[in-house]
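All remarks here apply to the structure that follows.
The values are calculated or read from the model by the stated rules, or taken from the named source; none is laboratory data. All figures in this text were calculated on a predicted structure; none of them were measured in a lab. Ideal geometry is used to build each Cβ from the backbone, glycine not excepted, and the neighbour counts take in all protein chains shown. The accessibility values were calculated without ligands, DNA or RNA, using every heavy atom of the protein model including side chains. Shrake-Rupley method; radii C 1.70, N 1.55, O 1.52, S 1.80 Å.
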Amino acid sequence: MSQIKVAIADDHPLFRAALTQAVQKSVNDAHVLEAENFQELIALVEQHPDIELIFIDLHMPGNDGFTGLTLLQNHFPDIAVIMVSSDDQPEIIRKAINFGASAFIPKSANLTQISTAIDTVLDGDVWLPEHTNISTDQHTAAEHQRLAKQLAQLTPQQYTVLANIANGRLNKQIAYDLNIKETTVKKHVSAILLKLEINNRTQAGLVFQQLMITSTENQQVEAQA
């Protein structure tokens with residue numbers, strides 16, 4: 001397989017090393033870049049627009065749930081994203097795939113499994129851990145997939161405005177943070193409401209909250225820990 005550029009974003013050096021080894025096993029002369037947090041990852045992608053594959057830790061610093069996944073898909077739609085996490089219960093895996101991840105690799109996976117996942121994704125298919133059932137709730141899956149498509153329709157700045165709305169920021173504060181006019185923020189908000197098919201800022205914030213790990217999911221994670 002020809003050379004590709006890969007970014008690995010994880011705050012655990014040992015797991016980054018394992019992923020690097022798996023990438024180099026699967027791809028000849030792969031160029032691997034590493035990041036310890038989400039901000040570093042975004043900087044890498046902006047510096048290297050030819051990155052084709054990204055590994056991102058579900059709970060790494062700067063990434064809240066699936067917000068990092070959907071931001072990457074919004075800003076860099078041509079890059080395949082693989083989620084990695086020790087939280088490998090079916091509900092989390094389902095959500096990752098529904099929101100557009102190309103694979104979900106548990107941190108318990110061995111080198112062979114990781115390599116197989118990489119090969120599968122590079123062939124254009126979705127990889128899941130063996131015996132994982134992600135089709136138990138078709139309605140929820142459809143809702144997540146619909147939301148992912150809606151978020152992908154936002155411009156990068158509209159996505160940023162939406163994230164700020166979800167964080168409780170007022171238009172005036174968003175305008176200051178982004179160094180744009182408040183009237184521009186209002187136009188972005190109107191476009192966001194239209195694209196998400198909702199009526200107000202409160203609903204916009206609730207929509208964005210769907211990207212977070214819910215309290216129920218956290219409880220399931222803790223119960224399995």
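Can you say whether T160 is closer than 21 Å to I51 by Cα and in a helix (DSSP H, G or I), as far as the supplied structure shows? First the steps, then the outcome.
Values: closer than 21 Å to I51 by Cα: no; in a helix (DSSP H, G or I): yes.
Taking the combined requirement at face value, the residue does not satisfy it.
Please go through (1) farther than 28 Å from M212 by Cβ; (2) free of Cβ contacts under 8 Å to residues at least 60 places away in the same chain for P61 and return the number of the only condition it doesn't satisfy.
Here P61 clears every test but (1).
Do we find a residue being among the β-branched types (V, I, T) and touching a Leu at 6+ places or on another chain (Cβ under 8 Å) anywhere in the stretch 7-20? Break it down stepwise before answering.
Of the residues in the stretch 7-20, the ones among the β-branched types (V, I, T) are 8, 20.
Applying the additional criterion that residues be touching a Leu at 6+ places or on another chain (Cβ under 8 Å) yields 8.
Among the residues of the stretch 7-20, at least one is among the β-branched types (V, I, T) and touching a Leu at 6+ places or on another chain (Cβ under 8 Å), which makes the answer yes.
Specify the residue that is least open to solvent (accessible area, probe 1.4 Å); the eligible residues are those in the stretch 23-44 that are in a helix (DSSP H, G or I) and at pLDDT below 90.
Within the stretch 23-44, the match that is least open to solvent (accessible area, probe 1.4 Å) is S26.
Can you tell me which residues in the stretch 63-93 are modelled with pLDDT under 90, within 13 Å of the chain's Cα centre (by Cα) and open to solvent by 40 Å² or more (accessible area, probe 1.4 Å)?
D64
Is there any pair linking a residue in the stretch 151-177 that is open to solvent by 60 Å² or more (accessible area, probe 1.4 Å) to one that is among the basic types (K, R) and in a helix (DSSP H, G or I), with Cβ under 7 Å and at least six apart or on different chains, and which?
Matching pairs, first to second residue: Q153/K195.
Going by the conditions given, is I56 at pLDDT 95 or above, within 30 Å of A142 (Cβ to Cβ) and crowded, with 21+ Cβ neighbours inside 10 Å? Steps first, please.
Working: at pLDDT 95 or above: yes; within 30 Å of A142 (Cβ to Cβ): yes; crowded, with 21+ Cβ neighbours inside 10 Å: yes.
In short, yes.
For the stretch 183-214, name all the residues that are assigned to a helix (DSSP H, G or I) and open to solvent by 70 Å² or more (accessible area, probe 1.4 Å).
Of the stretch 183-214, the ones assigned to a helix (DSSP H, G or I) are 183-196, 201-209.
Those that are assigned to a helix (DSSP H, G or I) and open to solvent by 70 Å² or more (accessible area, probe 1.4 Å): T183, K186, K187, S190, L194, R201, T202, L206, Q209.
Looking only at the stretch 107-128, which residues are out of contact with any helix residue (DSSP H, G or I) (no Cβ under 7 Å at 6 or more places or on another chain) and open to solvent by 10 Å² or more (accessible area, probe 1.4 Å)?
Taking the stretch 107-128 as the starting set, the residues that turn out to be out of contact with any helix residue (DSSP H, G or I) (no Cβ under 7 Å at 6 or more places or on another chain) are 108-110, 112-113, 116-117, 120-125.
S108, A109, N110, T112, Q113, T116, T120, V121, L122, D123, G124, D125 - these are the residues of the stretch 107-128 that are out of contact with any helix residue (DSSP H, G or I) (no Cβ under 7 Å at 6 or more places or on another chain) and open to solvent by 10 Å² or more (accessible area, probe 1.4 Å).
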